[in-house]
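These notes are about the structure you will find just below.
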Amino acid sequence: MKPAPFGYTLAKSIDEAVAMLEEGDGEAMIIAGGQTLMPMLALRMARPESVVDINGIEELVGIEDGNGEVVIKACTRQTAALESPIVAERLPLLAKAIAFVGHQQTRNRGTVGGSLSLGDPASEIPLATLALDGHVTLRSVNGSRIVPIGEFFVGPMMTACEGNELMVSIHFPCWPDGERIGTSFHEVNERHGDFAIVAVAAQIHLDANGICTRAAVAIGGAHDRPLRIPGLEAKLVSNKIDKKIIQSALTEISMAIEPFDDQHASADYRQHTAQVLAERALTDAVADASGVQQ
């Protein structure tokens with residue numbers, strides 16, 4: 001199929017892009033990597049009156065490290081983030097997650113901000129961003145606002161970004177003492193490169209005695225949005241994490257997620273798989289924090 005007719009603007013600045021969104025009055029859409037929007041246009045699942053191309057805006061590209069956080073500009077390609085020494089050193093969980101995203105060709109075009117803007121509950125980058133307590137900066141003609149990633153996803157394929165707003169950057173606060181931080185990312189999908197049926201991201205910090213001082217565990221694909229599990233995290237903190245502690249913590253998952261049936265898997269399968277992957281992720285994260293080769 002061919003897309004329905006639409007207007008096209010190649011924006012040269014953030015100000016021009018948000019002005020076009022404001023003028024579009026909810027009927028304009030942003031295109032960056034186009035990995036999702038182009039198929040939706042071709043299938044006429046999306047029928048915007050106009051498309052605003054942000055690929056020419058240099059200030060939307062780049063990765064910066066400073067002031068205790070890593071900032072990834074929204075139009076930064078996923079491949080650039082995956083290959084970045086800053087991301088590898090400061091945000092290893094994000095690097096592990098991006099490695100599961102699509103294929104090399106799609107990562108070459110897909111953007112970090114685009115993945116977050118889509119709001120797919122099974123997408124890897126949103127899941128890792130949630131585990132890392134990230135937040136996004138949104139810009140409109142009225143100014144900027146910051147939205148914590150836990151408040152950004154409001155439902156399946158739905159975000160807090162208004163029709164006149166442009167995501168300009170993603171901020172990742174860095175945990176201190178990187179030598180005692182362990183990370184792990186696991187997912188199950190139908191084929192390599194597909195969206196996850198269920199995925200789990202985990203990051204923990206151990207003190208010199210092997211006691212967990214901080215934990216983050218997020219589950220994707222088993223709820224209507226990526227979900228942190230605070231009860232599980234609380235059971236890990238202040239403990240030396242072993243198999244018994246992990247098994248106790250895993251009981252929190254069934255009380256937190258609301259899995260669903262679809263053409264890919266049943267709710268029961270998602271429930272069971274979330275438990276299995278969380279156990280693997282926590283075991284691997286502990287080993288990683290302890291310096292054990294996996």
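We did not get these values from a lab; they are worked out from the coordinates using the rules stated. Remember, it's a predicted structure, so these values are computed and weren't measured experimentally. For neighbour counting, all protein chains shown are included, and Cβ atoms are generated from backbone atoms with ideal geometry for every residue, glycine included.
Amide H to amide H under 5 Å from residue 198: which residues, 5+ apart in sequence or cross-chain, H placed 1.01 Å off N in plane?
Under 5 Å from the amide H of residue 198: 188.
Using only Cα atoms, tell me the angle between helix 267-289 and the longest principal axis of the chain; keep it within 0 to 90° and round to the nearest 10.
70 degrees
Calculate, in nm to one decimal, what residue 264 and residue 89 gain on full extension: separation in residues at 0.36 nm each, minus their alpha carbon distance.
59.5 nm
Where does the longest stretch of the chain lie that holds no trypsin sites (Lys or Arg not before Pro) found in a DSSP loop with 15 or fewer other Cβ atoms within 10 Å?
Here the longest run is 45-190.
State, to one decimal in nm, how far the label point of residue 146 lies from the label point of residue 23, with both points 7 Å from Cα in the Cβ direction.
3.2 nm
Note the full-extension length gain between residue 42 and residue 4 as 0.36 nm times their separation in residues minus their Cα-Cα distance, in nm to one decimal.
12.9 nm
Compute the orientation-averaged projected area for the range 7-53 from the convex hull of its Cα atoms and round it to one decimal in nm².
Hull-based average projected area comes out at 3.1 nm².
On full extension of the chain, what length is gained from residue 103 through residue 243, given 0.36 nm per residue of separation minus the C-alpha to C-alpha distance?
Gain on extension, residue 103 to residue 243, equals 47.0 nm.
Considering only the other residues whose Cβ falls under 10 Å of the Cβ of residue 5, what net charge follows from Lys and Arg at +1 and Asp and Glu at -1?
That sum, taken over residues with Cβ under 10 Å, equals +1.
Would you please give the residues with an amide H less than 5 Å from that of residue 213, counting only those at least 5 places away or on a separate chain, with H modeled from the backbone geometry?
Amide H neighbours of residue 213, under 5 Å, 5+ apart: 205, 206, 207, 238.
If each of residue 276 and residue 179 carries a label point 7 Å out from its Cα toward its Cβ, how far apart are those two points in nm?
Here the answer is 3.8 nm between the modelled labels.
Take 141, 87, 147 and order them by how many other Cβ atoms sit within 10 Å, fewest up front.
Result, fewest neighbours first: 141, 147, 87.
For the range 31-115, list log₁₀ I(q)/I(0) at each q in 0.11, 0.22 Å⁻¹, using the Debye formula over Cα point scatterers of equal strength and ignoring solvent, two decimals each.
-0.33, -1.04
Please pull out the direction-averaged projected area of the range 182-289, using the convex hull of its alpha-carbon atoms, in nm² to one decimal place.
Mean projected area for the range 182-289: 6.2 nm², to one decimal.
Loop by DSSP (not H, G, I, E, B), at most 15 other beta-carbon atoms within 10 Å: where is the longest site-free stretch of the chain for chymotrypsin sites (Phe, Trp or Tyr not before Pro)?
Formally, the longest exposed-site-free interval is 7-259.
Please compute the Kirkwood hydrodynamic radius of the range 78-179 from all pairs of different C-alpha atoms, in Å with one decimal.
Mean inverse Cα-Cα distance, inverted, gives 14.1 Å.
For the range 1-160, just run the numbers: alpha carbon Rg, then divide by 2.2 N^0.38 Å, N being how many residues it has.
1.02
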